[in-house]
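Undergrad: Let me give you the structure first, and then I'll get to my questions.
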Amino acid sequence: MSGCIILFQFLEVHHKVYFSFNYKFLFSLTVSTMKRPVEGWIYEPDYETMPRDKLEELQEERLKKIVKYCYEKLPMYRKKFKDAKLKPDDIRNLDDVEKIPFTAKDDLRDAYPYGLVASPLSEVLELHASSGTTGHPTTCAYTKNDLKVWSKVMARIYASAGTKKGDVVQNAYGYGLFTGGLGFHYGALEIGATVLPIAAGETERQIRLAKEYETTVLTCTPTYAVYLGEYAKEKMGINPSKDLKWRIGLFGAEAWSEELRERIEGTLGLEAFDIYGLSEIIGPGVSVECTEHDGLHIQEDHFLAEIIDPKTGKKVKEGETGELVLTTLTREATPLLRFRTGDLTTFTSEKCACGRTIRRMERVFGRADDMLKVRGVKFWPSTVEHALLKVEGASENYEIIVDRTADLDTMTVKVEPSKELYKSVNGDLSKLKELSPEIAGSIKSVVGVKSKVVLVPHGSLQRFMGKAKRVIDRRKKTV
Ligand code: DLL
C-alpha cells in the first residue's frame, strides 16, 4: 500500500481532455512524471542565517569602507560627492546611504573602458563587457577576490536549489562576455559539482549529452528551457521528464512568469528556481529562490539593496513596488554605489521557513524602461505571458506587436497553439476559432488592454537560446 502511495507521489498522470467548442472534441492525453524532489541546503550559514542586527552591523562596516574606497579611487565618485556636498565620513550608518548620489547606467557608459576600474589593472583577472540592449558597452572587471566572492555567492545559489557534489551541471548559459556562463561555471566548481560547459545552442547535442552524461542540473534562460523541452519531444522523441535525469533548473537573466515555471517543470520534470543578477553588480548571484519558492533571497552581506520610487528617487514604503538599487559592499575592481538597476520588485519582510535571515525580493517582472504603454495602459510583457499561459491550448511561444494606426495604439499578439492542439486539427488553424478570443479575453482581464490575437502555425515564431525578444514596438518612441 505504502509502495503504491510513494509511486503515486513520484508519478503524476495528467489526463487532459481538451474540448473545443468548434463542434469537435479534441482529446489529448499527456503523461508526465512529477517534479523530482530536491532538498535545499545552506552553503554559508554564518552569513545566510546571521541574526539581522549582526548582519546590519556587518553591512554598515562594509558600506563605510566601500564608500571611502570609491571616493579615493574613482574621480567620478569624488565629483558626485563634491556636487552633493558630501564627504565619505558623512556616511555613518545604513540610513545614511540615502545621502549618496545614484549611479546610472550612463555613468558606466561614459566611463568606458577603464574609467570605473578602482583596482590596478595588474590586479584585474577577468573583464566582461556588457552591451545591454542599447549596444553601448560598459565594463565589469574582477580581481582575484571578486572572483572568489562570485564563486561563493553562486555556490549559495546552487545549494539553495539542492545541488550537491555528485550532481552533473549542464551549463547552457552563453559563455564569453555574457556573465551567465562563467558565473554558473565558477559556482559549480566551488560547490564541487561536475560541470558540463556546453553553453547555449546546439540544441540536439544538448539533449543527447543530457541523456548520455545523465546531467541532473540544467542552467539556462527560461526561454531556452522551453525550447529544449520542445525540441527533445518533437524532434527527438525524448520526453525529458521521463527519459532525462534533470532534477533542478536554475533559470534567470530575463523576466518570466509563474505560469511558465509550471509549464517548464511539467515538461522537464525538474524543480525550477528563479535566479537574478546583473553584470554591473557581479553577474548572476545577486539573489535566488530557496525551495519555499516565495521570493528571492538577496546575498545581503555582499549587496546592499534598496527599493526606490523611480520617479522621485525616494525609498518606497515596506511592501511597495519600486526600482531596485544596489550597492556592492565587497567588490574591488568595479565597485558601485547605489546603482539604479531599472528592475522593478518588492521586498518581502516576513521570515522565510528555510531559516535564512537574508531578506527576499519578489521576482522581477520587468524593467522600468521595458514598460509598454498601449492606449494609456502601462504594463510589462511578462504580464501578457502570465495572461496567455492561463489559457489551455496556448503555447509558451508568442510575440507582441505594438503599432499605431490613425493615432490609435494597437496591440497584436501572435501565439502558437500547443503542439498537441495543433496536431489534433492537422495544422488547420481555422478549426481553433475559439482559442484566439479566449486568449484575448484573458489578456483583457489581466492586462486591461484590448488586443488582436492571431494564431500562427506551431513552430513558426523565432526560438531563442538566450534572452528572448518578444516585443516589436513599431510606434515612434512615445512612452
Ligand atoms: O542576465 C545575469 C544573469 C545571468 C542573471 C544568468 C541570471 C542568470 P545582464 O546580461 O547584465 O546579466 O542582464 C541583467 O537582466 O537587470 C534584469 O533586467 C534581467 N534579469 C536578470 N535576471 C533576471 C530574473 C544577467 N531572474 C538584467 N528575472 C537585469 C527578471 C532578470 N529579470
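The values are calculated or read from the model by the stated rules, or taken from the named source; none is laboratory data. Only a predicted model underlies this, so the values are computations on that prediction, with no experimental measurement involved. For neighbour counting, all protein chains shown are included, and Cβ atoms are generated from backbone atoms with ideal geometry for every residue, glycine included. SASA here: full protein model, heavy atoms, side chains in, ligands and nucleic acids out. Shrake-Rupley method; radii C 1.70, N 1.55, O 1.52, S 1.80 Å.
Undergrad: Could you give me the residue pairs with C-beta distances under 7 Å whose first residue belongs to the stretch 268-279 and is under 12 Å from Glu254 (Cβ atoms), whose second residue is of a type in the set (S, T, N, Q) and near the ligand (Cβ under 6 Å from one of its atoms) wherever it lies, and which are 6+ apart or on separate chains?
TA: That search, which allows pairs on different chains as well, returns Leu278/Thr341.
Undergrad: Listed residues Leu7, Leu11, Leu58; which is open to solvent by less than 80 Å² (accessible area, probe 1.4 Å) and modelled with pLDDT under 95?
TA: Leu11
Undergrad: Can you find, within the stretch 141-172, the residue that is nearest to the ligand (Cβ to nearest atom) among those that are open to solvent by less than 10 Å² (accessible area, probe 1.4 Å) and small (Gly, Ala, Ser)?
TA: Restricting to residues being open to solvent by less than 10 Å² (accessible area, probe 1.4 Å) and small (Gly, Ala, Ser), the top hit is Ala172.
Undergrad: Looking at (1) open to solvent by 30 Å² or more (accessible area, probe 1.4 Å); (2) more than 24 Å from Val377 (Cβ to Cβ); (3) not in a loop (DSSP other than H, G, I, E, B), find the lone condition where Leu421 falls short.
TA: Of (1) open to solvent by 30 Å² or more (accessible area, probe 1.4 Å); (2) more than 24 Å from Val377 (Cβ to Cβ); (3) not in a loop (DSSP other than H, G, I, E, B), only one is false for Leu421: (1).
Undergrad: Go over the candidates Ser460, Ser451, Ser445 one by one and state the one that is of a type in the set (Ser, Thr, Tyr) and closer than 27 Å to Leu228 by Cβ.
TA: Ser460
Undergrad: Please go through the stretch 432-477 and pick out each residue that is open to solvent by 70 Å² or more (accessible area, probe 1.4 Å), touching a residue at least 12 places away in the same chain (Cβ under 8 Å) and outside any loop (DSSP other than H, G, I, E, B).
TA: Pro437, Glu438, Ser445, Lys452
Undergrad: Let me ask another. So in the stretch 107-126, with the set limited to residues that are in contact (Cβ under 8 Å) with a residue 60 or more places away in the chain and not in a loop (DSSP other than H, G, I, E, B), which one is most open to solvent (accessible area, probe 1.4 Å)?
TA: Among those residues, the one meeting the criterion is Glu123.
Undergrad: Residues that are free of Cβ contacts under 8 Å to residues at least 24 places away in the same chain, more than 30 Å from Gly393 (Cα to Cα) and assigned by TED's automatic domain parsing to the domain that holds Ala272: does the stretch 98-106 have at least one?
TA: Yes, the stretch 98-106 contains a residue that is free of Cβ contacts under 8 Å to residues at least 24 places away in the same chain, more than 30 Å from Gly393 (Cα to Cα) and assigned by TED's automatic domain parsing to the domain that holds Ala272.
Undergrad: Scan the strands (runs of 3 or more DSSP E) fully inside the stretch 280-358 and keep the ones with 3 or more residues being in contact (Cβ under 8 Å) with a residue 40 or more places away in the chain and not assigned by TED's automatic domain parsing to the domain that holds Pro101.
TA: Here the list is empty.
Undergrad: What's the number of the only condition in (1) buried (at least 24 other Cβ atoms within 10 Å of the Cβ); (2) over 30 Å from Leu389 (Cα atoms); (3) within 16 Å of the ligand (Cβ to nearest atom) that Ala305 fails to meet?
TA: (1)
Undergrad: In the set Lys390, Lys314, which member is surrounded by fewer than 20 Cβ atoms within 10 Å (Cβ to Cβ) and farther than 30 Å from Glu434 by Cα?
TA: Going through Lys390, Lys314 in turn, the sole match is Lys314.
Undergrad: Now for a separate question. Working only within the stretch 326-372, note down all residues that are within 12 Å of the ligand (Cβ to nearest atom), modelled with pLDDT of 95 or more and open to solvent by 40 Å² or more (accessible area, probe 1.4 Å).
TA: Across the stretch 326-372, the qualifying residues are Arg340, Glu362, Arg363.
Undergrad: Determine if the stretch 376-399 includes at least one residue that is hydroxyl-bearing (Ser, Thr, Tyr) and either in the same structural domain as Val226 (by TED's automatic domain parsing) or assigned to a strand (DSSP E or B) (or both).
TA: Checking the stretch 376-399: at least one residue is hydroxyl-bearing (Ser, Thr, Tyr) and either in the same structural domain as Val226 (by TED's automatic domain parsing) or assigned to a strand (DSSP E or B) (or both).
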